[in-house]
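Everything on this sheet refers to the single structure shown next.
The values are calculated or read from the model by the stated rules, or taken from the named source; none is laboratory data. As the structure is a prediction and not an experimental result, all values here were calculated from the model. Don't worry about glycine lacking a Cβ; one is built from the backbone with ideal geometry, like all the others, and counts go over all protein chains shown. When the accessible area is computed, the model is the full protein with side chains, heavy atoms only, and any ligands, DNA or RNA have been set aside. Shrake-Rupley method; radii C 1.70, N 1.55, O 1.52, S 1.80 Å.
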Amino acid sequence: MKKIIKIGIGVFGIVAFGIGLLIFVFLQSMKTDEDEVKKVKIQAQGYIKNTFKDEIVIYDTLFDNMGNFPTFDYAAKAENKKDNTQFLIYYNEETKQMEDTYIAEKWEKELENNIRPYIEQKLGTLDEFWVEYDERAGITYNVNPNKPSSYKEYDAAPTILISVPRKPDKKDEEILNEIVAFLQKDVGLKHGTVSMSYIKNGAPLDDKEWFKTF
């Protein structure tokens, strides 16, 4: 009996040690590497000097410890003082070059300002509302950041995420079709995807979700 107890204690100790080691490794992986922070700031300063004519200020850094951005771990947070657009500057591990999200962020802000009033008019209070362009949109479409053209001049397709804090209504599909028509005819959006779900304070109210791609 004592032997069984000793074995049980030994196994428990090994398991506890393993769990503790995993927690330690996880916590270490969440910590910011100050050398990497300094490195990305220096890289970003050089990139700003060679890329932008407007005054660009680095105000912080981002450490992507959750893997949200597959092409980088560290990025500089920057702001264009002329139009107050905030964006990221980073070294893309896949393309092996410095890149930024300025055009994507600028287009997102422009499009959101153009469509939010209409969408709120059609749907009322929103729980969440997001406009997302691919972070490399400016690079993909070769947009000059010093002459940032409107999203209307390109085929870039954003994703528009809408969540309303109520249950589905039988008129929602019709409303979504009207929103898509508005995006194409009145807002000048050539392509995109619109998603509408039913969420209140982050909690789903229904599993129904509408998608429209054009």
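Considering region 169-202 alone, what residues qualify as being over 26 Å from residue 135 (Cα atoms) and open to solvent by 50 Å² or more (accessible area, probe 1.4 Å)?
Those that are over 26 Å from residue 135 (Cα atoms) and open to solvent by 50 Å² or more (accessible area, probe 1.4 Å): 169, 170, 171, 173, 174, 177, 178, 200, 201.
Which one of the conditions (1) more than 19 Å from residue 101 (Cβ to Cβ); (2) in contact with a helix residue (DSSP H, G or I) (Cβ under 7 Å, 6 or more places away or on another chain); (3) open to solvent by 50 Å² or more (accessible area, probe 1.4 Å) does residue 214 fail to meet, given that it meets all the rest?
(3)
Name the single residue, out of those in region 128-168 being closer than 30 Å to residue 54 by Cα and touching a residue at least 60 places away in the same chain (Cβ under 8 Å), that is surrounded by the fewest Cβ atoms within 10 Å (Cβ to Cβ).
It comes out as 146.
Answer yes or no: is there a residue in region 108-121 that is outside any helix (DSSP H, G or I) and not β-branched (Val, Ile, Thr).
no
Working only within region 82-100, note down all residues that are within 16 Å of residue 47 (Cβ to Cβ), touching a residue at least 12 places away in the same chain (Cβ under 8 Å) and part of a loop (DSSP other than H, G, I, E, B).
Of everything in region 82-100, those that are within 16 Å of residue 47 (Cβ to Cβ), touching a residue at least 12 places away in the same chain (Cβ under 8 Å) and part of a loop (DSSP other than H, G, I, E, B) turn out to be 93, 95.
Output the residues belonging to region 27-78 that are loosely packed, with under 13 Cβ neighbours inside 10 Å, under 22 Å from the mean Cα position of the chain (by Cα) and of a type in the set (D, E, K, R).
Once the filter is applied, which keeps residues that are loosely packed, with under 13 Cβ neighbours inside 10 Å, under 22 Å from the mean Cα position of the chain (by Cα) and of a type in the set (D, E, K, R), region 27-78 yields 31, 60.
Is it the case that residue 103 is within 17 Å of residue 188 (Cβ to Cβ) and either among the β-branched types (Val, Ile, Thr) or free of Cβ contacts under 8 Å to residues at least 24 places away in the same chain (or both)?
Answer is yes for this residue.
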